[in-house]
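The values are calculated or read from the model by the stated rules, or taken from the named source; none is laboratory data. Remember, predicted model here, so these are calculated numbers, not experimental data. For neighbour counting, all protein chains shown are included, and Cβ atoms are generated from backbone atoms with ideal geometry for every residue, glycine included. Ligands, DNA and RNA are excluded from the accessible area calculation, which covers all protein heavy atoms including side chains. Shrake-Rupley method; radii C 1.70, N 1.55, O 1.52, S 1.80 Å.
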Amino acid sequence: MSQPETWSIIVDDVRFRLDRMQLYYEPSSYLISQFFNTQGQSIRTEMTINGEPALWKLIQTHLRGYEILPLKDGVVPYLSKEATLASLNTIAISYGFANLQRKLQLELGATRTKKYRLLVRPGSTPWDASSS
C-alpha cells in the first residue's frame, strides 16, 4: 500500500494540509503520534481538533519552516498580540511543538521585559525605606 503524500488537520471546518516533511518539522509532536506508527507508517490521513483556525494557520506556517515571529499587530484580528503569543504558546505546549515553544518563550520574555530606572538620593541606599 502506498503512503499518502499529505495529511490533514481540520480545525473548525478549516482543513490544513501538511506533507511528511512539514509534520516532522516538530519531530516529537502529538501530530506525529496521531498520524504515524513507531515504524513511520501512516496510520491515518486526517484528524479533527478543536481550536482557532487563525492560530492554526500560524502553526501551519511554522511547520512549513517559515518564521512567524515577531508577530505583526492584528495577525489574529480579535486577539491582542500578547494574547496571540500566549495562545500559540498554549498550543505549542499542548501539542509538543518544542521548537515553536522555545521561540515563543524567547518572544514572550522579550515582550514582558520592562526597564526601570532606579533613582537614589545622594547619601541614601536603594533599600533604605526611611529615605522616602
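Name every residue in segment 2-41 that is open to solvent by 20 Å² or more (accessible area, probe 1.4 Å) and at positive phi, in order of residue number. Of everything in segment 2-41, those that are open to solvent by 20 Å² or more (accessible area, probe 1.4 Å) and at positive phi turn out to be D12, D13. Residue count for segment 1-18 satisfying the condition of being within 19 Å of the chain's Cα centre (by Cα), within 22 Å of A98 (Cβ to Cβ) and not β-branched (V, I, T): 2. Of the residues making up segment 49-101, those that are in a loop (DSSP other than H, G, I, E, B), open to solvent by less than 20 Å² (accessible area, probe 1.4 Å) and either farther than 20 Å from F16 by Cα or not hydrophobic (A, V, I, L, M, F, W, C) (or both) number 1. Failed condition for Y25, given (1) over 17 Å from E5 (Cβ atoms); (2) out of contact with any strand residue (DSSP E or B) (no Cβ under 6 Å at 6 or more places or on another chain), with all others met? Going through (1) over 17 Å from E5 (Cβ atoms); (2) out of contact with any strand residue (DSSP E or B) (no Cβ under 6 Å at 6 or more places or on another chain) one by one, Y25 breaks only (1).
Find all pairs meeting these conditions: Cβ atoms under 8 angstrom apart; at least six residues apart or on different chains; first residue within segment 26-41 and farther than 19 Å from T90 by Cβ and part of a loop (DSSP other than H, G, I, E, B); second residue open to solvent by less than 90 Å² (accessible area, probe 1.4 Å) and of a type outside the set (A, V, I, L, M). Listed pairs, sorted by first residue: Q41/Q3. Inspection of segment 4-21 identifies at least one residue that is modelled with pLDDT of 95 or more and touching a Lys or Arg at 6+ places or on another chain (Cβ under 6 Å).
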